[in-house]
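Reviewing the structure listed below.
The values are calculated or read from the model by the stated rules, or taken from the named source; none is laboratory data. Computed from a predicted model, the values in this text were never measured in an experiment. Cβ coordinates were reconstructed from backbone atoms using ideal geometry, including for glycine residues, and neighbour counts include every protein chain displayed. What goes into the accessible areas is simple: the full protein's heavy atoms, side chains included, and nothing from ligands, DNA or RNA. Shrake-Rupley method; radii C 1.70, N 1.55, O 1.52, S 1.80 Å.
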Amino acid sequence: VGDAILQEVIDRLSQLFGTYLYRINGDVFLGISLSGENGEAFAGRLQALLSAPVSAGNASFTLQVRVAVCGYPSNGDSPELLLDRIQSALRYAKELNKKVVVYDDALDQLVRTEADILHRLHAAILQETLEVWYQPIIHVESGRFIAAEALVRLPDGKGGFFSAGQVIALAERGGMVEDLGDYVLGCACRFMA
């Protein structure tokens, strides 16, 4: 059934991409269009093409499709850079639950900011320069301090701090969440001692 679905998707995608269609892995395909058509308009046509249910045997399936669009040379002048950027756009389409993401200046800035945060986070863990702040937890009835929550803060280099939620999400995605957790736990234990 899975093979029949993939074959139907390939047949449909080939209508728009012809022989410039590549299966990257699993259910991820890369198509190259030479039409010069606007990215959003092309993505709309692609979504329409894949919106009809796919039949396999006696079953019918509605596909959940995410489309990422990247243009040459506006978004990159090498295959490696374009592939990296299209993968970034696809990742954001999945994370934000969007059907279509077109790589643009705003997304480019976001990708650069995230790369900067990951670089700073890695360096701060190694150099032990991350800040850990403690937020008191008060028992309302007695008015007494009963605990504290350790909060990590990554300086942004401009006198402020990156959003803790963004830093933690990137640490998870970048495979650094355990190192970050160990760092904060170590700081909290030393503070308590």
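Any residue at all in the range 151-173 that is over 24 Å from the mean Cα position of the chain (by Cα), in contact (Cβ under 8 Å) with a residue 12 or more places away in the chain and part of a loop (DSSP other than H, G, I, E, B)? Checked against the condition, which is being over 24 Å from the mean Cα position of the chain (by Cα), in contact (Cβ under 8 Å) with a residue 12 or more places away in the chain and part of a loop (DSSP other than H, G, I, E, B), the range 151-173 yields no hits at all.
On inspection, A169 passes the criterion of being on the phi < 0 side of the Ramachandran plot and open to solvent by less than 80 Å² (accessible area, probe 1.4 Å). For the range 1-11, what are the residues that are surrounded by fewer than 16 Cβ atoms within 10 Å (Cβ to Cβ) and not acidic (D, E)? Result: V1, G2, A4, Q7, I10. Of the residues making up the range 119-135, at least one is of a type in the set (D, E, K, R) and either closer than 30 Å to Q64 by Cβ or in contact with a helix residue (DSSP H, G or I) (Cβ under 8 Å, 6 or more places away or on another chain) (or both). Select, from V100, V67, the only residue that is more than 13 Å from the chain's Cα centre (by Cα), over 24 Å from A4 (Cβ atoms) and β-branched (V, I, T). Going through V100, V67 in turn, just one is more than 13 Å from the chain's Cα centre (by Cα), over 24 Å from A4 (Cβ atoms) and β-branched (V, I, T): V100.
The residues listed here are Y103, Y72; of these, the one that is surrounded by 17 or more Cβ atoms within 10 Å (Cβ to Cβ) and among the hydroxyl-bearing types (S, T, Y) is Y103. In a residue-by-residue description of the range 75-94, the property of being open to solvent by less than 100 Å² (accessible area, probe 1.4 Å) and over 30 Å from S51 (Cα atoms) applies to at least one position.
Sort through E131, E149, E114 and tell me the only one that's under 17 Å from A164 (Cβ atoms) and either open to solvent by 80 Å² or more (accessible area, probe 1.4 Å) or among the aromatic types (F, W, Y) (or both). Being under 17 Å from A164 (Cβ atoms) and either open to solvent by 80 Å² or more (accessible area, probe 1.4 Å) or among the aromatic types (F, W, Y) (or both) holds for just one of E131, E149, E114, which is E149.
Do any strands (runs of 3 or more DSSP E) lying entirely in the range 15-133 carry at least 2 residues that are of a type in the set (G, A, S), and which ones are they?
The qualifying strands (runs of 3 or more DSSP E) are 54-56, 59-61.
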